[in-house]
1. Can you put 137, 260, 312, 1 in order, fewest other beta carbons within 10 Å first?
2. Using the alpha-carbon centroid of each, what span in Å lies between segment 1-34 and segment 295-323?
3. If each Cα of segment 308-348 is one equal point scatterer, what is log10 of I(q)/I(0) from the Debye formula at q = 0.28, 0.31, 0.35 Å⁻¹?
4. How big is segment 197-263 on each of its three principal axes, counting only the C-alpha atoms and giving the largest first in Å?
5. Calculate, axis by axis, the spread of Cα positions in segment 171-343 along the three principal axes, and write the results as whole Å, longest axis first.
6. Starting from the Cα gyration tensor of segment 14-158, take the square roots of the eigenvalues, sort them a ≥ b ≥ c, and report rounded, prolate or oblate (rounded when a/c is under 1.5, otherwise prolate if a/b is larger than b/c, else oblate).
7. Give me, ordered by chain and number, the residues 5 or more places off residue 128 or on other chains with an amide H under 5 Å from its own placed amide H.
8. What is the order of 340, 313, 230, fewest Cβ neighbours within 10 Å to most?
Amino acid sequence: MQVLKPERLHIDDTVAIVSPSWGGPSVFPHIYELGLGLLQRWGLNVVEYPTARMPAAELSARPDLRADDINRAFADPQVKAIIAAIGGDDSHRILPFLDAAVIKANPKILMGYSDTSTLHLFCQRLGLVTLHGPSIMAGFAQMSALPDYAAHVKEMLFLPEAGYRYQPFAAYCDGYPDWRQQAKAGQVNDPNPAEGWRLLQGAGAVEGRLFGGCIDVFEGLRGGMFWPPTGAERDDFWDGRLLFLETSEEAPGPELVADMLRGWGRDGILARIAGLMVGRPARYDADAKLALDEAIVGVVAGEFGRPELPIMTNMDFGHTDPQFVLPQGIRARLDCDAKTLDLAEAWLG
């Protein structure tokens, strides 16, 4: 697969803000504006596209307008990055309106997570490197309370280099205070000491191209017209991947996650990947996290016969703060023995 790397950011670059899914900026503008403010303090020129603050009900009814903003942002040579305002649950509705030719011809940074997983998949099938990472309202808005997080994200946007090693964060936060409480805007819930990454199975080191996102979101796409089809394209897409998956803030239970993963096994994906990484699940207690680990091993090793496949869980990405920025399509190396993850190449130009 051809790999199309966008350019890194520089001071005074223009960043487009779009709302591909839920109209959160119109509901909680004080949270949204905190996120915009951080980008501006980094010296970036922030441009809000027309649907960014569109009222939520109106935005929901117009997937074509949401897609049009994304198409125009990719086509605009002044725009160097596109960041999702927030996730949601229906960005899949914009996929038929996206202009694949325009997007492929104008590779640039696209960042978001959760429901933005639909766009990461769309772009990765075109060969475009995108960044699975924070959104404006869930991530950027809280970074003033998490300086190490801000430093990591800024480094990933401005200073790409080969050989980058992810350093696990010492603590994590599970969610935010109620956004309706304006006095607590930009805050995070009380930190918890990180339990560390968990190696469930595998040994040695494996290398492959990163791809992943929210498994709940992928469940709605799997097998459809925007999913890699069967045959040669499917094989080319999945062969040797380092697959990373995370669960949504809806906290699907371990058995439901296992059932989703079975679908990946039936599709032949688990037989082709080089390794599996799972993000720290949101709103899970300690027992549920252990049950999830057991369920994953039961599916991958027990049901689909891959006891050798490296599986690392409880990693710092997804619906957790801070979260890693993971570049889709970039070669990475997962070392089971050292419990390290390294990027083997620069992810931006």
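What follows draws every value from the coordinates through simple rules; no lab data is involved. Remember, it's a predicted structure, so these values are computed and weren't measured experimentally. As a convention, Cβ positions derive from the backbone with ideal geometry for all residues, glycine included, and neighbour counts pool all protein chains shown.
1. 1, 260, 312, 137
2. Cα centres, segment 1-34 to segment 295-323: 29 Å.
3. Scattering profile of segment 308-348, log10 relative to I(0): -1.16, -1.19, -1.20.
4. 34, 33, 17
5. 54, 38, 30
6. Oblate is the answer for segment 14-158, as a/c is 1.5 or above yet b/c matches or exceeds a/b.
7. Excluding prolines and chain starts, which carry no amide H, the hits are 4.
8. 230, 340, 313
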